[in-house]
Amino acid sequence: MGNFIWHDWARLVSIAACVYAIWACYWGFFYRKFFWDFVGGTLRDPGGLQAPKNQAFFIDIIVKFPVIQIIVFLHAFFLLALEWPLPVLKKLPIHRSLALRVVLLILQSFLSILFYQGTNATIYGTIAAFGYTRAIMMGETMEVAKENRGSREKA
Amino acid sequence: MGESWFHKEFLTPRRLLFNILFYGSHIFFFAYGWHSQATNKKLAGLNSLKYSVWSSRGAGLVLAYDGGLILLPMLRNVIRVIRPKLAWAFPADENIWFHRQVAYQMAFWAMVHTTAHYVNFLNVERTQIRKETALDIHYTQAGGITGHFMLLVIVLMYTTAHRKVRQQCFEAFWYTHHLAFFFMIALYSHATGCFVRDSTDPDYIKSFPFYSTEHCLGYESWRFIIWVGIAYFGERVWREIRARRSTNLQKVLIHPSGAMELRIVKPSFKYTAGQWLFIQVPEVSRWQWHPFTITSAPEDPYVSVHIRQVGDWTHALGERLGAGPSVVAALTKAAMKGSEKDDKDSYVGMRGDFVELDTATSSSPLPMVRIDGPYGAPAEDVFNVEVAVLVGAGIGVTPFASILKHIWYRQRKGNMGCLKRVEFFWVCRDAPSFGWFQSLLQEVEAAQTDPNFLRINIYLTQKIGEDMLWNIAINDAGAEYDPLTLLRTRTMFGRPDWKSIFGRMRQAIETGQYLPGSSSQLKTTVGTYFCGPTPLANAVKEAALASRTGHVDFTFAKEHF
């Protein structure tokens, strides 16, 4: 095998997961549905699946008020800014932390599986988290962002 | 970037035409898919879902179209056969670029299609126009399962195909891209769930395609696009069969610069100068095919490739052939000594000769190799122009080895077609790393009878230290051979000024000095053939095309790796 750099690949999957999550949340604002309402839910005609009483908390934070969607939306934007990276974040040491990404991705994956549109974001996020974990296990590190050396010539 | 995005996409006629046809057809299929769904009386039930179902159907049709297009540029053998006839119609060598454009479109329309379906299924659940839940459609029916599967495959394939990952680890890209097989199967069977129907329940039947087209009213697009998939599958099978034909690794030569030359005999292998092939050495890697430029001329009794040990695979190959780093290092040292001695004696320039690996003494015989190809390159049509300008940059000189050899063979036979003159430019950072190419150039240069026919111009772009400067200034003066390349041709330093090169060439042609006997009434075509990095390609292209006049036509072709 060639020199496969796991965190370089995981970054791309992570970006895909973030973009997917942002888009999913955007639609999640308009079409609100708790993903797990099929567990014990009753199917009404018309009206669709009605979640049972014990899921009321999730109905509150997903269907009544899209709290989860807003959190994932902002979270995914932050993670995207970290991964792309945004020039401001590029200089910070957290930009080079692989462990932080694993944590953020797992958190994002957990939150996005709660609402209807987010399942694929969860799958991709988990794959990216796996990629970063593998990178940590292989002892990969991210290089300090290099100064733009091309612009000034050495005398 | 030299030119603006707008200029590149809209003000270049060919590109503009491509954009209109490519994006126009996408929008057309989207509009058609939308319209035929929205106006279909039989699908009134589905149409109660309004915009989401219309856009999902439109985007679905576009995706089918893209699913057919995406494999077209990968039909390498078909492209090789048709490119001489259709070279004017489309740039056959931009096939990977086209493949990428289709892939980008696919990602975009997949987004539209999936988003629309997320809305569709939720509305089906809410209105209960069909007695099922959204998650039923997503995760228990064929359309949903294959769709989510394809999205996952897209993520995996696109991320590993990214330039960065591909360059780090080609294998990861290569193996992951074979998920395309399952992707295509999923694509062709995506509609078997019969989501688009006028009946309450899907109308499944016992015979192929297992749903009745009486009530399942999809576009049946798989009937059209599956042929491309079959053609591609056939192509891969054909490549496998062809690769298994008798192939014999005849000789391995180690050049002093460290390059290995593999001489392979394969009687069934026919090619023209400037083409490339894939090579596989099962003992090194069972599945990997690596592209190399053919460096022998079609007239040679063997097919040769020059391989430098730069990557994992080439190192492993070197080890296997008994040309490991130690052997090469020793050779190089000897060669350097040799060349120094030669320089001092101002003896006929030779950079030390190549060494043939002795297979009799080594522990194992030469490994089995398999080759697949040849695949096209623009330099095939070098004999159709009056003046050929060959520009190789860095490692990009390799195809010209074959072409120059071929020209040399044709010259001996006196069969040169239109070709009257050849200008060869070689731009590289450090010449000594391409020692094997120099020895080839020596041969070709020495064989020239007409001093004007072939002109070799070598440009060295590396920064020159003070020592080297003095060296050149003193040693170069009056020496018969160039101290760096040991050619009669002088090495030039710095980057070539393409504008003035082409400008002067045009002037010389117009005044009739350049091509003896050609009057200015006749139209002269100067074909430029380039191989090397893209920024330089653009610079050369711009300069070449800017020099066009009524009588002198400049064309440009670039080869890809």
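So here's what we get for this one:
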read-out	value
Where B:Glu423, B:Glu466 fall by accessible area, highest first, once all protein chains stay in place (1.4 Å)	B:Glu466, B:Glu423
Share of pairwise Cα separations in segment B:1-42, more than 13 Å, in percent	64 percent
Pairs of Lys in chain A closer than 29 Å at Cα, counting only those 8 or more apart or on different chains	8
Calculated [θ] (222 nm, deg cm²/dmol) that DSSP helices of n ≥ 4 give over chain A, each run adding -39,500 (n - 2.57)	-17500 deg cm²/dmol
Shielding by partners, peptide A:15-25 (average Cβ within 10 angstrom, other chains)	2
Alpha-carbon Rg with Dmax, taken over segment B:120-181, Å	17.1, 51
Per-residue mean of C-beta atoms belonging to partner chains within 10 Å, peptide A:113-120	3
Other-chain or far-sequence residues with amide H under 5 Å of B:Ile458's (modelled H)	B:Trp426, B:Met492
Rg and Dmax [Cα atoms of segment B:5-241; Å; Rg one decimal, Dmax integer]	19.4, 58
11 Å beta-carbon shell around B:Gln141, net charge (K/R +1, D/E -1)	-1
Test item: B:122-135 mean partner chain Cβ contacts at 10 Å	5
Peptide ranges A:104-114, A:68-78, B:160-170 listed from the most packed, as the mean C-beta count within 10 angstrom indicates	A:104-114, A:68-78, B:160-170
FRET efficiency, A:Phe65 to B:Met368 (Cβ-Cβ, R0 51 Å, nearest 0.05)	0.15
Residues in segment B:527-560 that a label on B:Thr12 would reach, taking backbone N under 14 Å of a point 7 Å out along Cα→Cβ	B:534-546, B:556-559
Reference-scaled alpha-carbon Rg (2.2 N^0.38 Å with N residues) for segment B:3-128	1.32
By accessible area with a 1.4 Å probe, ligands and nucleic acids excluded, highest first: order of B:Cys216, B:Cys418	B:Cys418, B:Cys216
Neighbour net charge for A:Gln117 - beta-carbon separation under 11 angstrom, K R +1, D E -1	+2
Residue-span extension gain [B:Ile27 to B:Thr127] - 0.36 nm each, minus C-alpha spacing	32.9 nm
Neighbour-limited loop hits for GluC sites (Glu not before Pro), segment B:163-243 (at most 11 other Cβ within 10 Å; DSSP other than H, G, I, E, B)	B:Glu214
Accessible-area ranking of A:Tyr132, B:Tyr65, largest first, probe 1.4 Å	B:Tyr65, A:Tyr132
q = 0.15, 0.16, 0.21 Å⁻¹: log10 I(q)/I(0) that the Debye formula gives for segment A:37-138, counting C-alpha atoms only	-0.71, -0.77, -1.07
Where chymotrypsin sites (Phe, Trp or Tyr not before Pro) fall in DSSP loop in segment B:18-56, at most 15 other Cβ within 10 Å	none
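The values are calculated or read from the model by the stated rules, or taken from the named source; none is laboratory data. Because the structure is predicted, anything quoted here is derived from the model rather than measured. Every residue, glycine as well, gets a Cβ built from its backbone with ideal geometry; the counts of neighbours run over all protein chains shown. Please note that ligands, DNA and RNA were not included when accessible areas were found on the heavy atoms of the full protein model with its side chains. Shrake-Rupley method; radii C 1.70, N 1.55, O 1.52, S 1.80 Å.
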